[in-house]
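Here is the structure we will look at, set down as structure tokens.
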Amino acid sequence: MHSIVLATRNSGKLREIQQVLADLDVRVTNLSNQSRIPEPEETGSTFAENARDKALYYARATGQWCLADDSGLVVDALGGAPGVYSARYAADECPPSAGRDEIDQANNAKLLRELRDTPDERRTARFVCRLAMAVGEDIVIESDGEVEGRVAHAPAGENGFGYDPLFFVPNLGCTTAQLPPERKNEISHRGRAVRRFAEKLKTYLEQE
């Protein structure tokens, strides 16, 4: 069984990816036990660039196969923001000791402030995910996924993380935080990207 380290300490992302890859002969862990490895600076101008950079960085640091994602929310009325800065959109408003949940809440609050005078028809947005897996010094697999929706006027739902409580999917009539995990994986940007990744990984494993 091959081990893949997921380049994140986010347990929500780990759970989502483990569920989709459950039928493959791989063991997926994250960086929760790798506190000695500093986080790299994200300098890419696109999600794809950041995913590749992170995959290569952590593959070198851990000596393992490394799967990295870069994902975020792209809001049309904000010119594509928060985009590649989604995870740290309001980080400067939080104390240095702030955890992921506190930063997520600050990000959501800032997004609502930025859109407070924006009507529904102009609150269109999409979640974007780009995945890259590095083995040694090479990127061997890449995949992507997107899901269209709009930004709600108030958070709703207890599932998910990040912007999920604000991301409303019109054809489902709810936010992604109101969906059970299995249903969210079916329609989410990351779920779509991981399923495409799983197909490519299966082929890659057969060739190993």
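At a glance:
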item: Helix 189-207 axis, angle to the chain major axis (alpha carbon atoms, nearest 10°); result: 10
item: Read-out Cα extents along the principal axes in Å, derived from the coordinates shown; its label in (i) 48, 38, 27; (ii) 53, 37, 27; (iii) 52, 38, 31; result: (ii)
item: In sequence order, calculated HN-Hα J values of the range 175-180 (Karplus, 6.51, -1.76, 1.60; Hz; x Gly/Pro); result: 7, 5, 6, 9, 8, x
item: Alpha carbon centroid spacing (whole Å) that separates the range 185-208 from the range 140-157; result: 17
item: Residue order, fewest to most surrounding Cβ atoms within 10 angstrom, among Ser97, Ser3; result: Ser97, Ser3
item: Whole-number D in µm²/s for the range 1-111 (Stokes-Einstein; Kirkwood sum over Cα pairs; 25 °C, 0.890 mPa s); result: 161
item: Alpha carbon convex hull of the range 54-129, projected area averaged over orientations, nm²; result: 6.2
item: Karplus 3J(HN,Hα) series, Hz, for the range 22-35 with 6.51 cos²θ - 1.76 cosθ + 1.60 (x for Gly, Pro); result: 4, 8, 9, 7, 9, 10, 10, 10, 10, 8, 4, 9, 10, 5
item: For the range 68-78, Karplus couplings with θ = phi - 60° (6.51, -1.76, 1.60), whole Hz, Gly/Pro x; result: 10, 10, 10, 8, x, 9, 10, 10, 4, 5, 9
item: From the C-alpha gyration tensor of the range 144-208, square roots of 5λ in Å; result: 29, 10, 9
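Every number here is computed from the coordinates shown, using simple stated rules; none is lab data. Note that the structure is a prediction, hence the values are computed from the model and not measured. Cβ atoms come from the backbone with ideal geometry, glycine included; neighbour counts cover every protein chain shown.
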